[in-house]
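Okay, structure first, notes after.
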Amino acid sequence: MIRTPTPGQTVGPFFGYALPFEADSQLVPVGHPDAIRLHGTVFDGHGDPVSDALLEVWQLDPDGAAVRQQGSLHRDGYTFTGWGRASTDATGHYAFTTLWPGAEPGKAAFFAITVFARGLLDRLLTRAYIPGDEAALAADPLLSSLPADRRSGLVATPDLEGFRFDVHLQGDRETVFLRYPGDG
Amino acid sequence: MDSAPVGSDMAAVSQATITAEIAQAACAYAAGGAAEPRTRLDYPSYRSSVLRHPTKDLHHADPEMLELSAPVFGERDVAPVEADLTIQHGGDPIGERIVVAGRVTDGEGRPVPRQLVEIWQANAAGRYIHQRDQHPAPIDPNFTGVGRALTDEEGNYRFLTIKPGPYPWRNHQNAWRPAHIHFSLFGTDFTQRLITQMYFRGDPLFELDPIFNSTVDPKVRELMVADYDHNLTQPEFATGYRWDIVLTGHVRTPFEEEQ
């Protein structure tokens, strides 16, 4: 029997004292020898930064395995849980410190991203793909189902510390947000 | 006569205008064909949503292995006392002590065991412990309004808290939110992630509130409303409210199909 899912509602303006926690965005400590940064800015339809958004990341470990470790809320500095949460700052910027995400053999590596914000009535899901493995990216079912101009927005941009991935909630460069089977 | 303090960013739109917009959207939905089981992202009566909703349809994706799993939380993450929001300070918080309990299942009725539930809410006077909350209602030094719990093996959760008050906001003139508790939930799949709000049966502010009504289907909206449950009420101590939560159906693996 299929039940109707409970609908989402906006995270609202007042999550800032409730959802963030110490080292929430540090899947590994800053200074970890293999640490990379996944960061970017969230923009609204005017191109203005969104300073009250919350992003979550979920990823495979560097070997391409799903992580089954508790401890995200009280990080011990050693256990990699594969999950983190980051609030945007006054400039709309978010940043995670993490490890390079692995992939299943032959598949494209990506970060799964959830976006919440005041003014956003339900959460949005998307993917930030790792650039470089052109064969895997070309073979990816989602990327190959998109026109080129929309596809590029889902591939993160390499920079000195890792990757940049901006989120455009609306507008010409609107990020591709996803609907999965069973979403209703 | 509106007596709310007028802030510099107070919208000039009246409640009557917002109420008319809500009614118009409801009529159009009732007359239209396609069911909308999800909350509408483009709902301009919630003014902050105008520049923050995608204009393109959500794009279909088949989940990869990563998205068929979800973060794991456990005893290292959440202590049992975090489910009691009434014992976080030196004294008893002011207000109506309530038990809020229910069961988290997926769309096929399977329990979501040992998963994280986070809540946050205003105090009994309708005030959040948040520096951006300017509502001139008293802060309760004995109430923060943040709790966490893990569901048990059958997907059950239970919080002890204080019934939140309604509070004013600046969406339009004399705008008030119905009393609610924010809930954050994880499923067994990444794609089941849910943040929503739990409301209380019979709230007179329901039909005035653009956020509640952004879930345009009245039957789906009902799923956000908790019911008083005398079986949860504790004698001489707390009244009880039951609220069950259904996550989206998780995508079955071939292995599960064979079971």
| said: Contact order normalised by length for chain A, with contacts defined as Cα pairs under 8 Å and 6 or more residues apart; what percent is it? | reply: 28 percent
| field | Table column - 3J(HN,Hα) (Hz), region B:136-153, Karplus curve with 6.51, -1.76, 1.60, x for Gly and Pro | value | x, 10, x, 7, 9, x, 9, 9, 9, x, 10, x, 9, 8, 9, 5, 8, 4
| For chain A, what is the calculated [θ] at 222 nm in deg cm²/dmol (nearest 500), taking -39500 (n - 2.57) for each run of four or more DSSP H residues and dividing by its residue count? | -1500 deg cm²/dmol
| task | Taking GluC sites (Glu not before Pro) as candidate sites, keep only those in a DSSP loop with at most 14 other Cβ atoms within 10 Å, then name the longest stretch of chain A containing none of them. | result | A:23-160
| request: Enter the mean projected area of the convex hull around the alpha-carbon atoms of the protein assembly as shown, in nm², rounded to one decimal. | output: 22.6 nm²
| request: Using only atoms on other chains, find how many Cβ atoms lie within 10 Å of each Cβ of peptide A:67-75 and report the average. | output: 6
| How would you order B:71-84, A:115-128 from highest to lowest mean count of nearby Cβ atoms within 10 Å? | A:115-128, B:71-84
| said: Can you compute the FRET efficiency between residue B:81 and residue B:137 using 1/(1 + (r/R0)^6), with r the Cβ-Cβ distance and R0 = 30 Å? Round to the nearest 0.05. | reply: 0.65
| query | So how far apart, in nm, are the two label points at residue B:14 and residue B:50 if each is 7 Å from Cα heading toward Cβ? | reply | 1.9 nm
| said: Nearest 500 deg cm²/dmol is fine: what mean residue ellipticity at 222 nm does chain B get from its DSSP H runs of n ≥ 4 alone, each adding -39,500 (n - 2.57), divided by its residue count? | reply: -3000 deg cm²/dmol
| query | How big is the gap, in Å, between the Cα center of region A:81-156 and the Cα center of region B:123-143? | reply | 37 Å
| query | At residue B:57 and residue B:236, where each label point lies 7 Å from the Cα along Cα→Cβ, what is the point-to-point distance in nanometres? | reply | 6.1 nm
| Given H placed on each backbone N at 1.01 Å, which residues far from residue B:197 in sequence or on other chains put an amide H within less than 5 Å of it? | A:9, B:183
| request: Would you tally the net charge around residue A:133, using a Cβ to Cβ cut-off of less than 13 Å, leaving residue A:133 out, and scoring K and R as +1, D and E as -1? | output: -2
| query | How big is D, in µm² s⁻¹, for region B:110-211 by Stokes-Einstein at 4 °C and 1.567 mPa s if Rh is the Kirkwood radius over C-alpha pairs? | reply | 86 µm²/s
| request: May I ask you to list the lysines whose Cα is less than 30 Å away from that of residue B:163, ignoring any residue fewer than eight positions away on the same chain? | output: B:219
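Every number in this text was worked out from the coordinates using simple rules, so none of it is lab data. What you are looking at is a predicted structure, and each value in this text was computed from that prediction instead of being measured. Don't worry about glycine lacking a Cβ; one is built from the backbone with ideal geometry, like all the others, and counts go over all protein chains shown.
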